[in-house]
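Bear in mind that the values in this text are calculations on the coordinates, not laboratory data. Keep in mind that this is a model prediction, so the values were computed, not measured. Please note: Cβ atoms are built from the backbone with ideal geometry, for glycine as well, and neighbour counts cover all protein chains shown.
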Amino acid sequence: MQITSLLALPLKAVPLVSIELVASRLFRLLLLAHGDMFERLGTYKSSRFSFAPTDLPLIFLIEPDLPRLKVVRRSEAFTADAGVEAPLVMLLALLEGRCDADALFFSRDLKVIGDMEAMLAMRNALDDCDIDMPRDLARIGGPAAPIVLRLAEEIRRQSLKGIQ
């Protein structure tokens with residue numbers, strides 16, 4: 001499932017600082033839940049990684065050793081040691097370990113750029129984390145956590161149809 005350009009269009013008008021604020025909050029949430037997320041990166045912990053959803057006008061840059069997340073517009077210049085490009089839903093499915101990165105790579109649904117060994121180290125590090133986005137998002141839901149959990153699980157279920 002790809003996000004249609006009509007749904008992605010508002011992201012071009014939203015100030016980048018607002019997008020980065022939300023993305024950084026989610027990143028910190030994942031770090032709280034999975035504090036050892038980047039420990040298996042070894043020497044690649046100081047690498048800069050890019051995650052580029054092909055259906056959004058944004059690129060997410062992660063620096064594990066700081067740890068920091070930065071968001072740039074697709075049209076902006078950026079540097080990364082390693083990166084991956086795929087539709088957003090596919091990137092999130094990979095984050096949760098719900099699809100086979102090798103199969104997606106060889107079918108050309110996923111593009112890896114830069115240092116392949118660094119990206120492989122990132123994949124292995126994330127595979128060990130047991131990330132579950134609905135569960136992790138529900139942690140910030142307060143009294144609404146059960147509703148957040150059910151809603152996020154349904155969105156994930158609908159989004160993953162056809163890529164698992």
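The loop-placed chymotrypsin sites (Phe, Trp or Tyr not before Pro) in segment 66-158, going by DSSP, that have at most 15 neighbouring Cβ atoms within 10 Å of their Cβ come out as PHE78.
Taken along the Cα-to-beta-carbon direction at a fixed 7 Å, the label points for PHE78 and ALA23 span 0.5 nm. Largest GNM mean-square fluctuation across ILE19, ILE140, ILE113, computed for the chain with C-alpha springs under 10 Å, falls on ILE140. Normalised radius of gyration (Cα atoms, divided by 2.2 N^0.38 Å) for the chain: 1.01. Largest GNM mean-square fluctuation among LYS45, LYS12, LYS111, using the chain with Cα springs under 10 Å: LYS12. Derived scalar couplings between HN and Hα for segment 111-126 equal 10, 9, 10, x, 6, 4, 5, 5, 5, 5, 5, 5, 4, 5, 5, 6 Hz in order, rounded to whole Hz, by the Karplus curve 6.51 cos²θ - 1.76 cosθ + 1.60 (θ = phi - 60°), x for Gly and Pro. Counting only DSSP H runs of at least 4 residues, each contributing -39500 (n - 2.57), and dividing by the residue count of the chain, the helix-based mean residue ellipticity at 222 nm comes to -13000 deg cm²/dmol.
From most to least packed by mean Cβ count within 10 Å, the peptides 57-68, 22-33 give 57-68, 22-33. Here's how it looks for MET37: its modeled amide H is under 5 Å from none belonging to a residue 5 or more places away or on a different chain.
The slack between MET116 and ASP128, meaning 0.36 nm per residue of separation minus the straight C-alpha distance, is 2.4 nm. As a length-normalised measure over Cα pairs under 8 Å and 6 or more apart, the relative contact order of segment 47-164 settles at 21 percent. Applying the Karplus relation 6.51 cos²θ - 1.76 cosθ + 1.60 with θ = phi - 60° to segment 72-82 yields 3J(HN,Hα) values of 10, 6, 4, 6, 7, 6, 8, 10, 8, 7, 8 Hz, where x marks Gly and Pro. Listed by chain and number, the lysines whose alpha-carbon sits under 20 Å from that of LYS70, ignoring those within fewer than 8 places in the same chain, are LYS12, LYS45. For the chain, the dipole from Cβ point charges (+1 on Lys and Arg, -1 on Asp and Glu) about the Cα centre works out to 600 debye, to the nearest 20.
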